[in-house]
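Student: What follows is a structure written as structure tokens; I'll ask about it next.
FYI, it's all coordinate maths here, none of it is from the lab. Computed from a predicted structure; not experimentally measured. Glycine also receives a Cβ, built like all others from the backbone with ideal geometry; neighbour counts cover every protein chain displayed.
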Amino acid sequence: MKTVAIVGRPNVGKSALFNRLAGMNISIVHDMAGVTRDRITAECRRGRQVFEIMDTGGIGANTSDILTEQVQTEASIALEVADLLLFVVDVHDGVTPIDQALAQVLRRVNKPVVLVINKADSDKRRLGSGEFSRLGFPDSAEVSAVHGLGIKELVELVSEKLGLEDEETEEVVEQKRAGRPLKLAIVGRPNAGKSSLVNAILGQERAIVSEVPGTTRDSLDIHCEFNGRRYQLIDTAGIRRQARLDEAVEIFSVQRSYQAIKRADICLLVIDCAGGAKMQDRKVAQLILEERKPCILVMNKYDLYHPSAKQKDRIEELEETMRREFFFLNYAPLVAISAKKREHIGKLFVQIEAVRRGAQTRIGTGALNRLLHEAIANTPGPLGRSAHAFKLLYATQVNSPEEEQVPVPHFVLFANRAAKLTDSYLRFLESVIRKEWPAPGVPFRMSVRGKEPKEKGRR
């Protein structure tokens, strides 16, 4: 797949253009310079063929951000791996010294460049486009990323420069056969090691790693393969207490983390087990539970967890401690890793595939009904076997949408006196199903439907 990198000085609208081409809000758009720090990638499906787009930090940024040097490195890598460059400038500001210096750099890269004159949302502003011809790029497009103007023409120009034909390549056909990649949201509090885990999976320094809390601001979508299977890693900003969100950008970052959880197939909740579980870890876990998302508890920094103790004692104590801390996520399996040392990453993916397989396995309707009827007969509810007790008439598992790779099973119980069924007894019935059908990492949804009460006869 061809790759197109979006480059330019800070605050010219690169992230807005990236979001417009991706068809969704992935990069954070804000008027603060230096908001985008990592290389962020997504697919653009608006043209003849799918191509990858890459957002970068502003080149030539002169901010007080201590990560500026790393941001420049990330942008340089983007220039190296891209097949085509979109050089974004701001028609409102005109040609700036940074634009001129960057133009000299891009001419030396020996890659095709399309000059994107952004914020051209009126005839008056478009009159200033001619000024940018002195930058020396023959291919240009006038757009307004915010309003979506000129985007179709820009995509057509990019497709032409990349030599993309209307027919699908063998690679695209093969990707469709394989289906979309499994989406893994990597979430947790700051400095738990989320970006280190991304780098360990990729085998390269893709996400910026720093001791500074809040280094990752965007939710990064990164495609990768592991053991021959395709995945989409969603590296998210650390979720912190609301009292510490003193910047608008930090609030946006937390919102993106929430959105990442919602659109993920599986959530990998990364916890610093050496430092111990914190209240914020439990809050993130609670959010995953509320969204009914499949989950794996990833115990990172295991190499620092009682390193002098015996392996068996270490894992037993870790399991006991974390099960107590996350008792409400009892369905989530636990995997101990060291992202920094890249240890046990393979075990994590073994568990990911176990979650995928378990969710796709259905329990037969006959077996489900026999199982639940037997459980209710052996362990009646709070009202026992009285005439007013809950009585199960029929149970079934609702079909999940075909596009869901890790479907959350939905069991519907039809009963008389459904109001008599307490939440605790419903949890008991869920545990009965789990014993026969474990489905590790997958939450269950249990619904009860009862008969409508009979209307009283007229006097």
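Student: Would you please classify the overall shape of region 365-450 from the alpha carbon gyration tensor, given that a ≥ b ≥ c denote the square roots of the eigenvalues, rounded means a/c under 1.5, and beyond that prolate means a/b larger than b/c while oblate covers the rest?
Tutor: prolate
Student: Around I266, what is the net charge, scoring Lys/Arg as +1 and Asp/Glu as -1 over all other residues with Cβ under 9 Å from its Cβ? Don't skip to the end; give the middle numbers.
Tutor: Numbers: positive: K183, K293, R356; negative: D265.
For residues surrounding I266, the net value is +2.
Student: Let me ask you something else. In nm, what is the difference between 0.36 nm times the number of residues separating R45 and K435 and their Cα-Cα distance?
Tutor: 136.0 nm
Student: Using a basic spin-label model with each label point 7 Å from the Cα along Cα→Cβ, how many nm lie between R292 and R427?
Tutor: It works out to 1.8 nm between the two label points.
Student: Amide H of K183 versus every other amide H placed in the peptide plane: which residues, excluding those fewer than 5 positions away on the same chain, fall under 5 Å?
Tutor: Distant-sequence amide H within range of K183: Q232, D265, I266.
Student: Right, another one. Please compute the contact order of region 302-357 in relative form: average sequence separation of alpha-carbon pairs under 8 Å and at least six residues apart, divided by the residue count, as a percent. Please report the intermediate quantities before stating the final value.
Tutor: Numbers: 21 pairs, mean separation 15.8, N = 56.
Computed value for region 302-357: 28 percent relative contact order.
Student: Give me the percent relative contact order of region 365-450, please, defined on Cα pairs under 8 angstrom at least 6 residues apart. Please report the intermediate quantities before stating the final value.
Tutor: On the way: 108 pairs, mean separation 27.7, N = 86.
Over region 365-450, the number comes to 32 percent.
Student: Please report the net charge: other residues with Cβ closer than 12 Å to the Cβ of F428, K and R +1, D and E -1.
Tutor: Here the count lands on +1.
Student: How far apart, in nm, are the 7 Å Cα→Cβ label points at H92 and I363?
Tutor: 5.8 nm
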